[in-house]
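Here's the structure, in structure tokens; my notes come after.
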Amino acid sequence: MPTVLITGLTGFIALHMADRFLSEGYNVRGTVRSKEKGEHVLWLPAFRQAAADGRLQYCVVEDVITGDYTRAMKGVDVVLHAASPVNMSNDQTWEEIRDPAVNGTMAVHLAAAKESSVKHVVHLSSFASMCNWLETMEEQDGRVYDETSWNPITENEAARLPDTLSKERLIALGGMIGGIRYCASKKFSELAALEISRRPEVNCKLTVLCPPTVLGPTLDTITPPAQQGWSVGTFVALLAGKQAPVPPAALLNYVDVRDLAQAAIRAVERGVDGRLGVAAGHYDHQLIADRMRTLFPHLGERIPLGHLGEYPSIKGPKNTLNSAKASELLGLSYRPFDETVRGAVESISSMERM
Ligand code: NDP
């Protein structure tokens, strides 16, 4: 059986990647930052059987940059790099997000290049590395991004934020310095991955996946809702009560996490080399709230009313990630939005029952 190494196995997306590769007959090894985190994954209901069968294992690599990947990479056929901070807080400095994202990518991709058994590397990048986050959604209205698009921010600009922006621009962007830094970290880590893959001594295929917001159920049904990461947190925040405000959506393109995992496995099966945008369509928080209310009428008191039926993703200015290339090369189809909402809410409900 082939083996895939997934970095950052504890993550929302990484767990779905593990689930998908296991169901396609792969053995899965994942890097985690501590033994406790590794045991946590093996104990998740979705993975107990695979762990008991020895098909899912973890390797502790405490530091994504300086860690030793020799044991983790040994005999691995595919490497999927997913470990990276997903943090949009303004309190985080550029170095705090850049270093694990960019230097971590270099460490993982160089280690993969050294291990002769590795034939394919999948790098989890983002729409963040394609889109121009220094423009407002109004300025981007109607713009379509694809695999030829790059976030134009330079390292120097990212490092000097917020000083590189005028006061007016900062206000127009809602002061989202942390979000801009995160997006820059995704761009420069993707560039690092591409640079390594082009070195003459590197012999494996590289697929770069660029998803926008990734939504859907979590397989980590043990961690309490309030401690879940960014993607599941979107749904948790929308269970704040009928009178709570519906937060404005800063991002309007999405893909279901299970469809993204399908893209990864197909890219490996089909030996796809290159960069792929993977998006199902548009969403916004009001749309999520309204679909939740319809799909789960008994949760009505917990779901903000907001402005019923007024969807910024339909009526408002928006950009679009065109993922025609992924659809064509990978033969992808995307599940309906209701399935994404249903899965996310059901996984939160099962955490609440535990
Ligand atoms: P999660 O926050 O759920 O998982 C992040 C993973 O990275 C965890 O395993 C975490 O480990 C690890 N990690 C975070 N910071 C560090 C660090 N400094 N050193 C080592 N490991 C670290 O994120 P997602 O699953 O949502 O995202 C996974 C990848 O997908 C990221 O690269 C992200 O940029 C990308 N992506 C995500 C999108 C989304 O909407 N969620 C959209 C587009 C791309 P630990 O558990 O120990 O903290």
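The values are calculated or read from the model by the stated rules, or taken from the named source; none is laboratory data. None of these values were measured; they are calculated from a predicted model. Cβ coordinates were reconstructed from backbone atoms using ideal geometry, including for glycine residues, and neighbour counts include every protein chain displayed. Quick note on the areas: whole protein, heavy atoms, side chains included, nothing else; ligands and nucleic acids left out. Shrake-Rupley method; radii C 1.70, N 1.55, O 1.52, S 1.80 Å.
Just a few scattered comments:
- MET1 vs. criteria more than 13 Å from the ligand (Cβ to nearest atom) and open to solvent by 60 Å² or more (accessible area, probe 1.4 Å): yes
- Scoring ASN132 on the criteria (1) within 28 Å of VAL108 (Cβ to Cβ); (2) more than 24 Å from the chain's Cα centre (by Cα) leaves a single failure, condition (2).
- The set of residues in the range 17-37 that are among the acidic types (Asp, Glu) and either away from the ligand (no atom under 14 Å from the Cβ) or touching a His at 6+ places or on another chain (Cβ under 6 Å) (or both) contains only GLU24.
- Filter pass, ALA249 being assigned to a loop (DSSP other than H, G, I, E, B) and under 23 Å from THR320 (Cβ atoms): yes
So that you can scan it fast, the table gives a plain yes or no per residue for (1) within 14 Å of the ligand (Cβ to nearest atom); (2) modelled with pLDDT of 95 or more; (3) not aliphatic (A, V, I, L, M):
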position: ALA172; (1), (2), (3): no, no, no
position: GLY178; (1), (2), (3): yes, yes, yes
position: ARG198; (1), (2), (3): no, yes, yes
position: CYS210; (1), (2), (3): yes, yes, yes
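- Cβ-Cβ contacts under 8 Å between residues 6 or more apart (or on different chains), taken from a first residue in the range 207-235 that is within 21 Å of CYS131 (Cβ to Cβ) to a second residue that is charged (D, E, K, R) and in a loop (DSSP other than H, G, I, E, B), are listed as THR207/ASP273; CYS210/GLU147.
- Qualifying residue in the range 123-134 (condition: open to solvent by 40 Å² or more (accessible area, probe 1.4 Å), in contact (Cβ under 8 Å) with a residue 12 or more places away in the chain and over 30 Å from PRO312 (Cα atoms)): no
- Single residue of the range 194-206 satisfying the filter (free of Cβ contacts under 8 Å to residues at least 60 places away in the same chain and assigned to a loop (DSSP other than H, G, I, E, B)) that is nearest to ARG266 (Cα to Cα): ARG198
- Residues considered: LEU299, LEU321, LEU308, LEU329. Of these, the only one that is more than 25 Å from GLU139 (Cβ to Cβ), out of contact with any His (no Cβ under 8 Å at 6 or more places or on another chain), open to solvent by less than 30 Å² (accessible area, probe 1.4 Å) and not small (Gly, Ala, Ser) is LEU299.
- Residue in the range 1-23 that is modelled with pLDDT under 95 and either over 22 Å from the mean Cα position of the chain (by Cα) or under 25 Å from SER116 (Cβ atoms) (or both) present: yes
- Sole residue being under 18 Å from the mean Cα position of the chain (by Cα) and in a loop (DSSP other than H, G, I, E, B), chosen from LEU239, LEU209, LEU276, LEU219: LEU219
- Matching residues in the range 83-96 - criterion: being within 15 Å of the chain's Cα centre (by Cα) and more than 8 Å from the ligand (Cβ to nearest atom): MET88
- If you go through the range 252-273 and keep only what is in a strand (DSSP E or B) and of a type in the set (S, T, N, Q), you end up with just ASN253.
- Test for GLU135: is it over 27 Å from VAL272 (Cβ atoms) and away from the ligand (no atom under 14 Å from the Cβ): yes
- Some residue of the range 288-297 being farther than 16 Å from PHE127 by Cβ, assigned to a helix (DSSP H, G or I), of a type in the set (Lys, Arg) and in contact (Cβ under 8 Å) with a residue 40 or more places away in the chain: yes
- Going through (1) of a type in the set (A, V, I, L, M); (2) in contact (Cβ under 8 Å) with a residue 12 or more places away in the chain; (3) in a helix (DSSP H, G or I); (4) surrounded by fewer than 17 Cβ atoms within 10 Å (Cβ to Cβ) one by one, ILE171 falls short only on (2).
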